[in-house]
Amino acid sequence: MSIDQIIAEGVAKAVKALYGIDADAATIVPQATRKEFEGNLTVVVFPWVKAARKAPEAVGAEIGQWLVENEPAVARFNTVKGFLNIVVEPTYWNKVLAHIAETPDYGSVPVTENSPLVMVEYSSPNTNKPLHLGHVRNNLLGYSLSRILEACGNKVVKTNIVNDRGIHICKSMLAWQKWGDGATPESTGKKGDHLIGDFYVLFDKHYRAEVKEIAERENIPAEEAEKRSTLMAEARDMLRRWEAGDPEIRGLWERMNSWVYAGFDQTYKRLGVDFDKIYYESQTYLEGKEKVLEGLEKGLMYRKEDGSVWADLTNEGLDHKLLLRADGTSVYMTQDIGTAKLRFRDYPIDRMIYVVGNEQNYHFQVLSLLLDRLGFKWGKDLVHFSYGMVELPEGKMKSREGTVVDADDLMEEMVTGAREVSREMDKLQGLSEEEVAEIAETVGMGALKYFLLKVDPRKNMLFNPKESIDFNGNTGPFIQYTYARIRSVLRKAAEKGFAIGDYSSVVPNDKEIALIQTLADFPSTVQEAGRTFSPALIANYAYDLVKQFNQFYHDYTILGEEDEPTRSLRLTLCDQTSRVVKAAMALLGIRVPERM
């Protein structure tokens with residue numbers, strides 16, 4: 001039992017004994033005592049003041065005195081208004097540490113047959129361009145959230161929806177037909193997703209030139225010139241032929257998409273993310289179209305004179321939403337309806353979470369209403385994990401202009417930067433070239449992931465590659481280096497033949513107690529991260545933990561400690577700190593090096 005649970009149950013017993021109140025220990029949540037007050041844990045006593053008919057400070061004093069007399073873990077207390085500050089018996093922290101060391105998969109709740117099933121959708125790439133910095137944040141958030149939810153005791157299905165159809169795909173295909181000259185990934189030496197992305201940019205270049213030429217020749221506004229573009233007309237015609245099943249168009253589409261998928265797989269592998277199930281919009285849009293037409297027949301939707309199908313959401317405080325274009329082609333909303341239908345057919349999902357940027361808040365508000373209107377009982381319960389945009393110091397990214405920050409280039413830059421910084425700091429001495437390459441990969445990718453995940457996901461953020469690789473401060477490399485330092489201490493202890501013995505009689509000092517208490521906070525931090533969908537809580541917990549360890553390491557000797565029980569306590573602290581750091585970073589999808 002954790003120290004939080006012991007105190008919570010003790011308080012529940014005290015309230016029952018003193019006031020006859022049946023308090024649920026699960027609802028009593030001790031918090032770390034604020035630094036300006038004496039104590040380790042604080043309990044709010046306001047919930048029992050009315051029934052006790054006493055002032056908050058008096059209630060706190062009576063509960064505190066009961067705990068001192070009846071709970072061995074409590075040494076003394078003080079009260080500040082309605083807050084009961086509890087000082088834990090110092091030697092009791094040794095039991096807390098022993099409990100942590102003896103607990104398998106510390107910080108995680110076991111997944112059982114009865115665990116709820118959560119599906120998490122993330123990535124959602126388009127097959128007309130490679131993954132970019134925005135996709136990197138999306139993938140890292142989705143993957144980390146999946147691991148955190150699983151650690152909270154949920155069955156998790158990681159899923160991806162690939163946007164493999166639509167006008168944007170046709171633009172790349174048309175550009176390849178017109179100006180590709182038979183180019184392939186093999187003939188160009190390019191990853192397939194990069195090659196197709198080049199043609200998407202090329203289409204936009206020719207399209208802009210055509211619109212400009214029409215506008216100047218006919219002396220009309222650009223908006224009017226766009227409507228007369230033959231290139232865009234050809235792209236739309238290609239989309240209609242694709243939806244009609246034209247063998248030539250479908251064959252080209254399958255060939256070019258296969259290049260893209262091979263490129264995506266390489267990027268996902270290096271990024272360290274994966275999926276349990278991948279859906280393709282080319283397979284789901286017809287399902288959505290069918291549901292929309294069913295809704296039309298039932299009077300849930302309406303058709304305009306031009307043949308387009310719409311949903312009137314004004315009663316819900318929104319506007320009118322297009323679901324099928326006049327030519328019968330689908331929009332994203334229709335595709336999402338079909339994808340949702342297939343997912344809930346394939347899995348007994350208890351909760352559906354969409355990891356999508358905050359620019360799509362309206363989209364998911366509408367999707368929830370439409371699914372509910374179409375009779376899907378889970379429609380109102382879908383969760384849009386809305387996160388903020390990520391930018392570089394240079395500003396925003398624009399995919400059509402080819403100015404996106406490519407994910408592959410970014411990862412390579414991070415690994416190269418990690419190697420250079422590590423060499424400058426003499427952290428790679430005595431290592432083979434293979435070890436250097438492995439550490440550079442681990443540190444570079446760790447720096448990228450940590451920097452993107454440590455920020456509250458709901459906030460927009462600025463990603464600074466140089467700042468992220470710093471070995472000091474709130475960065476991935478700082479945490480990784482501390483982990484490697486601890487592992488080095490443990491290896492040296494083993495070389496000296498130091499075994500961990502009994503340390504139950506040792507009175508730990510303040511820094512040791514603070515470190516144990518932080519280790520004890522790990523399970524509740526994981527649960528809170530799962531409840532609030534915030535990998536940032538895990539990231540910043542890991543940073544706080546290594547900061548505390550470094551203070552302890554600076555002030556006290558470990559291998560040089562001659563008192564064997566004290567040395568055993570400190571070696572156990574080293575061992576469990578490294579264990580929790582590794583577990584916390586794993587929840588972020590970050591590896592930690594055994595040596596640096």
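Stretching residue 36 away from residue 502 to a fully extended chain increases their span by 164.4 nm, per 0.36 nm per residue minus the current alpha-carbon distance. The modelled label-to-label distance for the pair residue 556/residue 286, using points 7 Å beyond Cα in the direction of Cβ, is 6.8 nm.
Projecting the Cα positions of 63, 159, 145 onto the charge dipole of the chain (unit charges on Cβ atoms of Lys, Arg, Asp and Glu, taken about the Cα centre) puts 63 furthest along the positive direction. Given a 1.4 Å probe and the protein chains as shown, residue 220 ends up with an accessible area of around 40 Å². Annotation for the stretch 402-474: trypsin sites (Lys or Arg not before Pro) lying in DSSP loop with at most 12 further Cβ atoms inside 10 Å of their Cβ are 459.
Of the peptides 86-92, 124-130, the ranking by mean beta-carbon count within 10 Å, highest at the top, reads 124-130, 86-92. Around the amide H of residue 41, modelled in the peptide plane, lie the amide H atoms of 33, 86, 88, all under 5 Å away and 5 or more residues distant in sequence or on another chain. Most simply put, the chain has about 50% antiparallel DSSP beta bridges, counting only bridges with both residues inside it. By the rule of a C-alpha distance below 19 Å, with chain neighbours fewer than 8 residues away ignored, the aspartates and glutamates paired with residue 35 are 4, 89, 510, 512, 521, 544. The count of lysine pairs in the stretch 89-231 with alpha-carbon distances below 27 Å, taking only pairs 8 or more places apart or on different chains, stands at 23. In percent, rounded to a whole number, the relative contact order of the chain is 15, using alpha-carbon pairs under 8 Å and six or more apart.
For the chain, rounded, prolate or oblate, judged on the Cα gyration tensor with a ≥ b ≥ c (square roots of eigenvalues), a/c < 1.5 rounded, else prolate if a/b > b/c? Judged from the Cα gyration tensor, the chain comes out oblate (a/c at least 1.5, b/c at or above a/b). Accessible area per residue for the chain is 46 Å², calculated with a 1.4 Å probe on protein heavy atoms, without ligands, DNA or RNA.
Annotation: peptides 110-117, 582-589, 432-439, ranked by per-residue average of other Cβ atoms within 10 Å with the highest first, follow the order 582-589, 432-439, 110-117. Coupling constants for the stretch 283-290 follow from the phi torsions by the Karplus curve (6.51 cos²θ - 1.76 cosθ + 1.60, θ = phi - 60°), and in residue order they are 9, 10, 5, 5, 4, x, 4, 4 Hz; glycine and proline get x. Around the Cα centre of the chain, unit charges on the Cβ atoms of Lys, Arg, Asp and Glu (plus for the first two, minus for the last two) sum to a dipole of about 780 debye. Once both labels are positioned 7 Å from their Cα atoms along Cα-to-Cβ, the gap between residue 24 and residue 312 label points is 4.4 nm. To the nearest ten degrees, helix 407-424 and the longest principal axis of the Cα atoms of the chain are 40 degrees apart. The H on the amide N of residue 80, modeled in the peptide plane, is under 5 Å from the matching H of 85, each at least 5 residues off or on a different chain.
Packing-based ranking of 257-266, 100-109 yields 257-266, 100-109, ordered from highest to lowest mean Cβ neighbour count within 10 Å.
From a point 7 Å beyond the Cα of residue 594 in the direction of its Cβ, which residues of the stretch 408-441 have a backbone N at a distance under 20 Å? Backbone N within reach: 427-441.
Secondary-structure-derived ellipticity at 222 nm for the chain, considering helices only, amounts to -18000 deg cm²/dmol, per-run term -39500 (n - 2.57) for DSSP H runs with n ≥ 4.
Karplus-derived 3J(HN,Hα) values for the stretch 579-593, using 6.51 cos²θ - 1.76 cosθ + 1.60 with θ = phi - 60°, are 5, 6, 4, 4, 5, 5, 5, 5, 5, 9, x, 10, 8, 10, x Hz; glycine and proline are entered as x.
Spatially, the stretch 5-75 and the stretch 161-201 are offset by 66 Å when compared through their Cα centroids. Please work out the FRET efficiency for the pair residue 372 and residue 424, using the Cβ-Cβ distance as r and a Förster radius of 56 Å; give the result to the nearest 0.05. In this case the efficiency is close to 0.45.
Once backbone amide H atoms are built at 1.01 Å from N, residue 23 has 16 as its partners under 5 Å, excluding neighbours fewer than 5 places away on the same chain. The gain in end-to-end length when the residue 380 to residue 298 segment is fully stretched comes to 27.5 nm, 0.36 nm per residue minus the alpha carbon separation. By how many degrees, 0 to 90 and rounded to 10, does the Cα axis of helix 332-346 deviate from the longest principal axis of the chain? Value to nearest ten degrees: 60. The simple spin-label model puts a point 7 Å past each Cα toward its Cβ; for residue 472 and residue 230 those points are separated by 6.4 nm. Extension gain for residue 115 to residue 359 (0.36 nm times residue separation, less C-alpha to C-alpha distance): 84.6 nm. The portion of the accessible surface of the chain made up by carbon and sulfur, rounded to a whole percent, is 48 (1.4 Å probe; DNA, RNA and ligands excluded). Relative to the longest principal axis of the Cα atoms of the chain, the long axis of helix 476-495 makes an angle of roughly 50 degrees. Each residue of the stretch 253-270 was assigned a 3J(HN,Hα) from its phi angle through the Karplus expression (A = 6.51, B = -1.76, C = 1.60, θ = phi - 60°), giving 4, 5, 5, 5, 5, 4, 5, 5, 4, 4, x, 4, 4, 5, 5, 4, 4, 5 Hz with x at Gly and Pro.
The values are calculated or read from the model by the stated rules, or taken from the named source; none is laboratory data. Bear in mind the structure is a predicted one, so any value in this text is a computation, not a measurement. All Cβ positions, glycine included, derive from the backbone under ideal geometry; neighbour counts span all protein chains shown. Heads up: the accessible areas ignore ligands, DNA and RNA and are worked out on the full protein's heavy atoms, side chains in. Shrake-Rupley method; radii C 1.70, N 1.55, O 1.52, S 1.80 Å.
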